[in-house]
Amino acid sequence: MATEREGYILQKIQEEKRVKVAELAEALDVTPETIRKDLTELEERRLLQRVHGGAVALSYFKSSEPAYADRSQVQIEAKQRIAAEVAKEILPGETLLIDNGSTVYELAKLLRDIPQLTVITPSIKIAMEFLKNPSSKVLLLGGWLRTTEPSTVGDVTLNQLKGLHVNKTILSVAGLSAEHGLTEYLEEDAAIKRQALACGEKNIVLADHTKLDVTALLTVAPIDEIDEVYVDGEPDDPKLFAIRDKGVHVVCVPAAEQQKK
C-alpha cells in the first residue's frame, strides 16, 4: 500500500508541482499523519521537498535563470500565440512600458507597425524593433548593460522609471502563482519590474504555461497587483482558477489547432 501511495503522490507532484497533505489524505483514504510520513520518506530519497502543509517538486523553487538564448527558443510557438492575442489590445497612440524578456519580444515584433506608439523599455532588442516604424517614439532606459542579455539594469534604470505614467505596463516573469505572485531570479530584474508596475494604468503579464505555479527566488509583487494575465493553456486549469480568485482577469490562448476550428 505504501508503494501505491508513493506512486500516486509522485504522479501528483509531477502533474501539479505541489501537493497538500489534507488533499492527499482524502484522496487516498488515509490519515494526514500517514501522508506526512510518506512525504518525509520521499524527501529523504530526494524525490520532493517538504513545505508547510504539503510538498513541492524539487524544481518548484528555482534560483537560477536559463540563458536568454536558451529561453528564446523554449515554448516559442506558445509565446507567439500569446503575443498575437495581447497585440489585439494595443491601440494606436498608446504609451507602453515593455519589459525585457523572450515573450514580450515576440509581442514587440507584432506591435512595431501600430502607429504613434510611445514605447519605454530596458530592452535593446525591443527598442530596435520599434526603430522600424518612424511614427514610434522610443525611450530606451539607461543603466548598466547586462552581460547575459541585451538590456539595462541598475539604479539609473530605476530612477528613469520613477514618476512615469503609461497606459499599459507589459511584463514577462520567471514564475507566476496565486500564492507567491510574480517572482524573478535576480534582484535587479525584480526591482525594475516592481517599479514598472507602479507606472501602469493597466498591468499585463505574459506567461507561457511552464511559468504557472513556478516560484523563482525573489518576489516581485503579489498577484493582485496584476490586471490581466495572458497564458496558453486550458481555462479549467486549477492553477488559473486560483489566480482568477484573486481578482485577476485571465485570458487563455487556445492551442494552434483549436484556433483553426
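The values are calculated or read from the model by the stated rules, or taken from the named source; none is laboratory data. In this text, all values refer to a predicted model and were calculated from it rather than measured experimentally. Virtual Cβ from ideal backbone geometry, glycine too; neighbours counted across all protein chains shown. Keep in mind that these areas ignore ligands, DNA and RNA; they rest on the heavy atoms of the full protein, side chains included. Shrake-Rupley method; radii C 1.70, N 1.55, O 1.52, S 1.80 Å.
Would the stretch 109-123 turn up any residue that is assigned to a loop (DSSP other than H, G, I, E, B) and among the hydroxyl-bearing types (Ser, Thr, Tyr)? Don't jump to the end; show me each part of the working.
Our first condition is that a residue be assigned to a loop (DSSP other than H, G, I, E, B); within the stretch 109-123, this holds for 112-117, 122.
Next cut, among the hydroxyl-bearing types (Ser, Thr, Tyr) only: none.
The answer is no; no qualifying residue exists.
Which pairs do you get when a residue that is touching a residue at least 24 places away in the same chain (Cβ under 8 Å), found in the stretch 171-190, comes within reach of a residue that is of a type in the set (Val, Ile, Thr) and assigned to a helix (DSSP H, G or I), reach meaning Cβ atoms under 6 angstrom, with the pair 6+ apart or on two chains?
From residues that are touching a residue at least 24 places away in the same chain (Cβ under 8 Å), the pairs are Ser172/Thr103; Ser172/Val104; Ala178/Ile223; Ala178/Ile243; Gly181/Ile223.
Taking Leu186, is it open to solvent by 20 Å² or more (accessible area, probe 1.4 Å), out of contact with any helix residue (DSSP H, G or I) (no Cβ under 9 Å at 6 or more places or on another chain) and either within 16 Å of Asp99 (Cβ to Cβ) or of a type outside the set (Phe, Trp, Tyr) (or both)? Give the steps one after another, and end with the answer.
Working: open to solvent by 20 Å² or more (accessible area, probe 1.4 Å): yes; out of contact with any helix residue (DSSP H, G or I) (no Cβ under 9 Å at 6 or more places or on another chain): yes; either within 16 Å of Asp99 (Cβ to Cβ) or of a type outside the set (Phe, Trp, Tyr) (or both): yes.
For Leu186, the condition - open to solvent by 20 Å² or more (accessible area, probe 1.4 Å), out of contact with any helix residue (DSSP H, G or I) (no Cβ under 9 Å at 6 or more places or on another chain) and either within 16 Å of Asp99 (Cβ to Cβ) or of a type outside the set (Phe, Trp, Tyr) (or both) - is met.
Does Ala196 satisfy being within 25 Å of Lys17 (Cβ to Cβ) and crowded, with 18+ Cβ neighbours inside 10 Å? Explain how you work it out, then say what you get.
Working: within 25 Å of Lys17 (Cβ to Cβ): no; crowded, with 18+ Cβ neighbours inside 10 Å: yes.
Judged against the criteria, Ala196 is not a match.
Can you tell me which residue is nearest to Ala196 (Cα to Cα) among those in the stretch 219-241 that are assigned to a helix (DSSP H, G or I), charged (D, E, K, R) and open to solvent by 50 Å² or more (accessible area, probe 1.4 Å)? Please lay out each step first, then the result.
Going residue by residue through the stretch 219-241, those that are assigned to a helix (DSSP H, G or I) are 223-225, 238-241.
Okay, now just the ones that are also charged (D, E, K, R), so 224-225, 239.
Still in the list and also open to solvent by 50 Å² or more (accessible area, probe 1.4 Å): 224-225.
Working: Asp224: 15, Glu225: 11 Å.
Applying the filter and picking the extreme gives Glu225.
For Val251, state whether it is in a strand (DSSP E or B), under 17 Å from Val86 (Cα atoms), touching a residue at least 24 places away in the same chain (Cβ under 8 Å) and out of contact with any Leu (no Cβ under 7 Å at 6 or more places or on another chain).
On the way: in a strand (DSSP E or B): yes; under 17 Å from Val86 (Cα atoms): yes; touching a residue at least 24 places away in the same chain (Cβ under 8 Å): yes; out of contact with any Leu (no Cβ under 7 Å at 6 or more places or on another chain): yes.
Judged against the criteria, Val251 is a match.
Output the residue which, of all residues in the stretch 174-216 that are among the hydrophobic types (A, V, I, L, M, F, W, C) and assigned to a strand (DSSP E or B), is modelled with the lowest pLDDT. Working first, answer last.
Of the residues in the stretch 174-216, the ones among the hydrophobic types (A, V, I, L, M, F, W, C) are 174, 176, 178, 182, 186, 190-192, 196-199, 204-207, 212, 214, 216.
Then drop every residue that is not assigned to a strand (DSSP E or B), which leaves 176, 182, 204-206, 212, 216.
Working: Leu176: 93, Leu182: 96, Ile204: 98, Val205: 98, Leu206: 97, Leu212: 88, Ala216: 85.
Top of the filtered list is Ala216.
Tell me the residue from Lys162, Lys168, Lys125 that is under 25 Å from Pro222 (Cα atoms), of a type in the set (D, E, K, R) and in contact with a helix residue (DSSP H, G or I) (Cβ under 7 Å, 6 or more places away or on another chain), please. Write out each step before concluding.
Working: Lys168 fails: in contact with a helix residue (DSSP H, G or I) (Cβ under 7 Å, 6 or more places away or on another chain); Lys125 fails: under 25 Å from Pro222 (Cα atoms).
Answer to the check: Lys162.
Are there any pairs with C-beta distances below 9 angstrom linking a residue in the stretch 194-221 that is touching a residue at least 40 places away in the same chain (Cβ under 8 Å) and closer than 18 Å to Ile170 by Cβ to a residue that is aromatic (Phe, Trp, Tyr) and part of a strand (DSSP E or B), with the two at least 6 apart or on different chains, and if so which?
As it stands, the answer is Ile204/Tyr230; Leu206/Tyr230; Ala207/Tyr230, since those pairs meet every condition given.
Condition first: surrounded by 19 or more Cβ atoms within 10 Å (Cβ to Cβ) and charged (D, E, K, R). Can you find one or more residues in the stretch 95-105 that meet it?
yes
Taking the condition under 16 Å from the mean Cα position of the chain (by Cα), surrounded by 20 or more Cβ atoms within 10 Å (Cβ to Cβ) and small (Gly, Ala, Ser), does Ala207 pass?
It is true that Ala207 is under 16 Å from the mean Cα position of the chain (by Cα), surrounded by 20 or more Cβ atoms within 10 Å (Cβ to Cβ) and small (Gly, Ala, Ser).
Mind checking which residues of the stretch 158-173 are more than 18 Å from Ala242 (Cα to Cα) and either at pLDDT below 95 or surrounded by fewer than 20 Cβ atoms within 10 Å (Cβ to Cβ) (or both)? I'd like the intermediate steps shown before the answer.
The initial filter retains those residues of the stretch 158-173 that are more than 18 Å from Ala242 (Cα to Cα), namely 158-172.
Within the stretch 158-173, Leu158, Asn159, Gln160, Lys162, Gly163, Leu164, His165, Asn167, Ser172 meet the criteria.
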